1. Considering only residues that are outside the structural domain of residue 253 (by TED's automatic domain parsing) and touching a strand residue (DSSP E or B) at 6+ places or on another chain (Cβ under 7 Å), which ones fall in the range 176-225?
2. Can we say residue 233 is buried (at least 20 other Cβ atoms within 10 Å of the Cβ), among the basic types (Lys, Arg) and modelled with pLDDT of 95 or more?
3. Which of the helices (runs of 4 or more DSSP H) found entirely inside the range 130-248 contain at least 3 residues meeting this: within 30 Å of residue 399 (Cβ to Cβ)?
4. Any idea how many residues of the range 336-345 are exposed (fewer than 13 other Cβ atoms within 10 Å of the Cβ) and either outside any strand (DSSP E or B) or outside the structural domain of residue 312 (by TED's automatic domain parsing) (or both)?
5. Report yes if residue 351 is in contact with a helix residue (DSSP H, G or I) (Cβ under 7 Å, 6 or more places away or on another chain) and part of a loop (DSSP other than H, G, I, E, B), otherwise no.
6. Is it true that some residue in the range 82-93 is in a loop (DSSP other than H, G, I, E, B), modelled with pLDDT of 95 or more and surrounded by 20 or more Cβ atoms within 10 Å (Cβ to Cβ)?
7. Has the range 147-158 got at least one residue that is of a type in the set (S, T, N, Q), within 21 Å of residue 244 (Cβ to Cβ) and in contact with a helix residue (DSSP H, G or I) (Cβ under 8 Å, 6 or more places away or on another chain)?
8. Residues of the range 96-116 being surrounded by fewer than 24 Cβ atoms within 10 Å (Cβ to Cβ) and either assigned to a strand (DSSP E or B) or of a type in the set (D, E, K, R) (or both), which ones?
Amino acid sequence: MHTESLTRRNFLAASGLALGASAVLNPRAHGANDRLSLAIIGTGDRGTSHIADIAKLKDSHNVTINAVCDVWRVNLDKAAERITTWFGAAPFTTTRFGEVLSREDIDAVVIATPDFGHTPIMLEALKAGKDVYVEKPMSLELDLANQALDLAREKALVVQVGTQKRSEGKWRAAHEFLAGQGLGTLTRVSSSVCFNHPRWARDVSDCKAEDVDWDAYLFNREKVPFDPNLIRRWHLYRLCTNGLSGLWMCHLVDVAHIITGAAYPNSAVALGGIYQWKDGREHTDVFHALLDYPEGFLFDWSMSITNAAGNRYNAHGRYGTMDVERLTYSGEGGEKGHEIEAGTLTAQPDGNHMANWFDCIRSRQRPTADIEFGHQHSVATIMAAEALHTGNRMKYDRENRRIYAG
């Protein structure tokens, strides 16, 4: 396999960034009467969904999309057509994200690329003075997550992570119940996500090499020959993501952080395998992780894409159990004679995740899914993925912000 050194110069060339361009700050103010000018980087399923969400807010929040970037011409053209129709003007289009970041008419960017692009592109956006909405998982590499958190704070930029469950009111209701010792001492949070259909099996027949800026796609990765599967079914490969931990666990461990107030696990172990889908994938189709938290509870999370039974999100305490998804609780499993009475909580109102980002860009407040929370779920999911891939128990050193085997 042909490889090429991933130097800073190669990175800049593949991304369309000029040397030194990333040091430019965006001086634009964001008053209530100033229209926010956005760019979309990545226009697959998530990027397309974000374009539709932004279109619904274009009048109420005074926003528009002036630039769009995707390495696959098919997606790029479709996105540009939608934006032209919904926003009334054709956007600037490019396959190189650096050309977007260097534009002075762009205030903020939405990053919805495959996972491996999230933090590297976010870092360049922050260096360019742009506020950022970045899809989950925020990061696959702890060093980059550390850099991004520090840079966002240094430049006082607004970063919203795409962990939308932080805008759902039911989790806040669960947090208040558990914080009030509704179950007594909480010792275990248990979650599982399961389905049994090949939702990743996208058609690759229309993804042609001549329509893809392959160098731009692999801007920071090992240089490999063109493969449409790495574009359309990227979820299956280590080049693009760290597997079910980053793809799915990020949401569910984030919920554990919301309802318990926890931030970082002490340690993580994981097991998994490819048991059913022999389709060339490099990531497991069944996965199970255990994370120990200093707050005094164990979080267990599993996922199966081989059988759809077993979905759950439960919290277990000394005096009972809570179905966090349904907001119901009872004395099931509680200490005999001290079981709590059964009941149901009322969810708090949901928020609009994208609208919250826009509001915070104007107010310069931290958003609902601030980069700090993205850093937290990144640590947890990276630990679980590395535990699986290495066979080691992984630990987290909070003081030095590093993950190590131990």
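The values are calculated or read from the model by the stated rules, or taken from the named source; none is laboratory data. Because the structure is predicted, anything quoted here is derived from the model rather than measured. In this analysis, Cβ positions are derived from the backbone assuming ideal geometry, glycine residues included, and neighbour counts consider all displayed protein chains.
1. Passing the criteria: 207, 211, 212.
2. So residue 233 fits the description; yes.
3. Numbers: elements: 142-155, 169-179, 214-217, 229-232.
Per the criteria, 142-155, 169-179.
4. 5
5. Answer is yes for this residue.
6. Residues of the range 82-93 in a loop (DSSP other than H, G, I, E, B): 88-91.
From what is left, the residues that are modelled with pLDDT of 95 or more are 88-91.
With the extra rule that they be surrounded by 20 or more Cβ atoms within 10 Å (Cβ to Cβ), the set shrinks to 91.
Within the range 82-93, one or more residues are in a loop (DSSP other than H, G, I, E, B), modelled with pLDDT of 95 or more and surrounded by 20 or more Cβ atoms within 10 Å (Cβ to Cβ).
7. Initially, the range 147-158 is screened for residues of a type in the set (S, T, N, Q), giving 147.
Among the residues that remain, those that are also within 21 Å of residue 244 (Cβ to Cβ) are: none.
No - not one qualifying residue is present in the range 147-158.
8. Scanning the range 96-116 gives 96, 99, 103, 104, 105, 107, 115.
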